[in-house]
Amino acid sequence: MSDADIDAMTEAVAELIAILDLERLEVDLFRGQNPKTGWRRVFGGQVVAQALVAATRTVPVDRPVHSLHAYFLLPGDPRVPIVYEVERLRDGQSFTTRRVKAIQNGRAIFATTVSFQVVEDGFTHRPAMPPVPGPEDLPDARDIAAMAGLALPEAIAAYFARPRPIELRPVDLGRYRGGEGREPVFNVWLRAAASLPDDDALHRAVLAYTSDMTLLDVSLIPHGRSVFDPQVQAASLDHALWFHGPVRADTWLLYAQDSPAAAGARGFARGQIFDREGRLIASVAQEGLIRPRLD
């Protein structure tokens with residue numbers, strides 16, 4: 001990877017940290033900015049992460065988030081800042097619950113309920129991490145860019161190769177090389193593309209941001225399609241995320257994803273996020289629109 005690539009990715013991480021540093025407007029009211037990406041709508045993971053930051057800033061620091069459940073209501077407009085309104089539902093001895101509504105132009109575009117818990121010990125069990133190659137044995141962004149038009153369609157190569165705050169290294173890019181259906185499983189290594197400050201809440205917010213990446217696309221694998229297909233209308237509908245332990249979002253994490261079902265123009269996908277030691281640190285579930293375009 002060239003120095004220019006590294007500089008671009010470092011700049012992208014700095015921009016991500018900046019957009020997660022919400023402006024406080026009132027006691028439970030915050031405003032978030034959007035990155036200058038040229039996208040037609042706001043990335044769903046950004047709204048999830050910003051809403052989590054808003055909720056976190058109303059909770060004592062000794063209560064990390066353990067789960068959130070969200071609905072995407074309307075596409076976000078990247079030209080307009082997003083206002084986050086926090087409602088304090090519960091402040092218990094062990095758990096704290098917040099509801100957050102994201103607003104643009106007077107309308108709710110997103111809503112989530114977030115739960116926080118004091119750190120406790122208890123029963124523990126976890127699944128084994130899938131046996132996959134490590135990130136150092138997989139193509140990096142420059143390698144993937146070189147595949148454009150040859151081993152990979154140009155749009156796919158451009159997506160995985162472009163400078164972004166999250167570095168992605170898919171375990172198997174073969175699903176994009178042909179139109180045949182495959183088993184609905186996709187594994188990708190990911191991490192923040194530069195070091196993050198030593199702030200647990202920020203690492204959890206960055207993980208929330210990454211949790212919306214590539215997940216919905218898994219539900220199209222059995223059909224030989226992807227979200228890059230112009231004949232598919234795709235959008236996240238809801239999102240759930242559970243944290244099982246401490247998070248370091250600037251180290252390599254394996255996002256193991258699968259899709260057990262699709263019906264009614266909706267695809268359901270699940271994800272498990274493991275650290276390099278094989279510990280499960282988070283679980284994700286999402287349903288999204290995967291509507292075939294008939295025109």
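Values computed for the structure shown
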quantity: Inter-residue pairs, beta-carbon under 8 Å, first over 14 Å from Leu241 (Cβ atoms) and in the stretch 194-208, second among the β-branched types (Val, Ile, Thr) and open to solvent by 20 Å² or more (accessible area, probe 1.4 Å), 6+ apart; calculated: Ala194/Thr10; Leu196/Ile17; Pro197/Ile17; Ala201/Thr56; Ala201/Val61; Leu202/Ile17
quantity: Any pair with Cβ under 6 angstrom, 6 or more apart, that starts in the stretch 20-49 at a residue that is in a loop (DSSP other than H, G, I, E, B) and ends at one that is open to solvent by 90 Å² or more (accessible area, probe 1.4 Å); calculated: Arg41/Pro75
quantity: Residue under evaluation Thr124, criteria (1) hydroxyl-bearing (Ser, Thr, Tyr); (2) open to solvent by less than 60 Å² (accessible area, probe 1.4 Å); (3) free of Cβ contacts under 8 Å to residues at least 60 places away in the same chain, criterion not met; calculated: (2)
quantity: Failed item in (1) free of Cβ contacts under 8 Å to residues at least 24 places away in the same chain; (2) in a strand (DSSP E or B), with Thr96 passing the rest; calculated: (1)
quantity: Cross-chain or 6+ apart pairs with Cβ under 8 Å, the stretch 266-288 first and assigned to a loop (DSSP other than H, G, I, E, B), then of a type in the set (D, E, K, R); calculated: Arg279/Arg126
quantity: Some residue of the stretch 241-250 being over 30 Å from Val61 (Cα atoms), of a type in the set (Asp, Glu) and without any contact (Cβ under 8 Å) to a residue 60 or more places away in the chain; calculated: no
quantity: Filter result for Arg79 (open to solvent by 90 Å² or more (accessible area, probe 1.4 Å), closer than 30 Å to Leu254 by Cβ, assigned to a loop (DSSP other than H, G, I, E, B) and touching a residue at least 24 places away in the same chain (Cβ under 8 Å)); calculated: no
quantity: Residue list for the stretch 261-277, restricted to those being under 20 Å from the mean Cα position of the chain (by Cα) and farther than 12 Å from Ser236 by Cα; calculated: Arg270, Gly271, Gln272, Ile273, Phe274, Asp275, Arg276
quantity: Per-region count, the stretch 269-295, residues open to solvent by less than 70 Å² (accessible area, probe 1.4 Å) and not polar (S, T, N, Q); calculated: 15
quantity: Among (1) at pLDDT 95 or above; (2) of a type in the set (Lys, Arg); (3) open to solvent by 60 Å² or more (accessible area, probe 1.4 Å) - the single one Arg225 does not satisfy; calculated: (1)
quantity: Residue in the stretch 102-122 that is in contact with a helix residue (DSSP H, G or I) (Cβ under 7 Å, 6 or more places away or on another chain) and of a type in the set (Gly, Ala, Ser) present; calculated: yes
quantity: Subset of the stretch 35-63 (residues that are out of contact with any Leu (no Cβ under 8 Å at 6 or more places or on another chain) and open to solvent by 30 Å² or more (accessible area, probe 1.4 Å)); calculated: Lys36, Thr37, Gly38, Trp39, Arg40, Arg41, Phe43, Thr56, Pro60, Val61, Asp62, Arg63
quantity: Subset tally (residues that are under 14 Å from the mean Cα position of the chain (by Cα) and of a type in the set (S, T, N, Q)) for the stretch 204-260; calculated: 5
quantity: Count of residues meeting criterion [within 20 Å of Asp250 (Cβ to Cβ), free of Cβ contacts under 8 Å to residues at least 40 places away in the same chain and open to solvent by 60 Å² or more (accessible area, probe 1.4 Å)] in the stretch 138-179; calculated: 1
quantity: Every residue from the stretch 191-216 that is acidic (Asp, Glu) and surrounded by 23 or more Cβ atoms within 10 Å (Cβ to Cβ); calculated: Asp212
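The values are calculated or read from the model by the stated rules, or taken from the named source; none is laboratory data. Given the structure is predicted, the values throughout are model-derived calculations rather than measurements. Because the Cβ atoms are built from the backbone with ideal geometry, glycine has one as well, and the counts that use them run over all protein chains shown. These accessible areas exclude ligands, DNA and RNA; they are computed on the full protein's heavy atoms, side chains included. Shrake-Rupley method; radii C 1.70, N 1.55, O 1.52, S 1.80 Å.
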